[in-house]
1. For helix 122-139, what angle does its Cα long axis make with the longest principal axis of the chain, in degrees from 0 to 90 and rounded to 10?
2. Binning every alpha carbon pair distance of segment 5-214 at 10 Å from zero, what are the percents per bin?
3. With Rg and the Kirkwood Rh both taken from Cα atoms, where does Rg over Rh land for the chain?
4. Where the centre of each part is set by its Cα atoms, how far does segment 303-355 sit from segment 201-222, in angstrom?
5. Under a GNM of the chain (C-alpha, springs under 10 Å), which listed residue has the highest mean-square fluctuation: 25, 60, 11?
6. Treating only the Cα positions of segment 340-427 as identical point scatterers, give the base-10 log of I(q)/I(0) from the Debye formula at each q in 0.16, 0.17 Å⁻¹.
7. Find the relative contact order for the chain and round it to a whole percent, using C-alpha pairs within less than 8 Å whose residues are 6+ positions apart.
8. Could you tell me how many degrees, from 0 to 90 and to the nearest 10, lie between the Cα long axis of helix 416-426 and the main elongation axis, the longest principal axis, of the Cα atoms of the chain?
């Protein structure tokens, strides 16, 4: 595949009469077809008392329709060696499938049926609830997860991004069948869906199969709900969880830009420079040179709404204060320290190289195309993103750091004797 998906003349985009968008990219190299059915419905649509509803619903899509049991669905997929799965994210949900080309029509038709006609059987709801609660309880034993949940809630307050995608024990325990049916009826609709198909299939054949499976899906008379997210109005805090662990978790979080913000590409570059890999600034300075870190990194999620730039370190409890100082110094020094041309170019090479490697398979390309489309960026964003990264200058990076890297939210977890004094010192 070429560097830009748009350079391939085989990419076809069609909008059906019912508003469903179809993207097809013919790639005949291997006898495989991958597809994604993206739904413009993520956890941002949840209210606090229903946190985890979308993840719960997506987990149940493959568990039964009016005519098919969960076992029948699994046997249909496995009998031809295909894969079929679901996932839920903050800004969207997705059904994923992969088959050999000869079996694509059958498995795609099955995926379309699961999307349109899930039955949410009561026994499957209870099984899904049991499994989800076990997962939530398991996550509550993971120090990193606890520290990050604390940070996210402090940063986002009443915004839906504050809610854990999987939900809480209380909210998952309260989900009933009618909640799932109502959400599905309101949000799972053709004008909220993007289908991407990549592999050994012609655009004409792919479009015919989508038309057959989803073309008669009626449009609801009322328009699709418009997502109106509240503003993030919280103020920076320092929070600590006392837990007798062998290492302390120290996190700093800076409110950051959405994917549509002009600073997005520069922040992705800074994230690569600071926290991506063994040659990253945080790893070299805090682990290799100062010996402070068991684990150290940074991440900057792509979000339609306000995102967050997070740097974290796992360290010996007695080093918690020093580790916090080191994290803040390495991030905030970028406000006044201009990267060298070599440092910036190295970050660009790494980011764009990893980006290229992330769209080698049919499945990766189907994911990327649909992701850009469902976020409202359009497939042309594939090239636009690369151009924006290439255009970032050292002064751009400094200006973005000055805009975003001040007054972080702080989350600590570890033995009380070590983290409590650190938290108190921030007040």
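1. 20
2. Spelled out per bin, shortest first, that is 8, 31, 32, 20, 8, 0.
3. Details: Rg = 23.0 Å, Rh = 23.3 Å.
In the chain, Rg relative to Rh is 0.99.
4. Cα centres, segment 303-355 to segment 201-222: 45 Å.
5. Looking only at 25, 60, 11, the largest GNM fluctuation is found for 11.
6. These q points yield log10 I(q)/I(0) values of -0.84, -0.87.
7. Values: 796 pairs, mean separation 96.0, N = 427.
About 22 percent, as a whole number.
8. Around 80 degrees separate the two axes.
The numbers here are math on the coordinates, done by the rules we state, and not lab data. Nothing here was measured: the structure is a model prediction, and the numbers come from that model. Because the Cβ atoms are built from the backbone with ideal geometry, glycine has one as well, and the counts that use them run over all protein chains shown.
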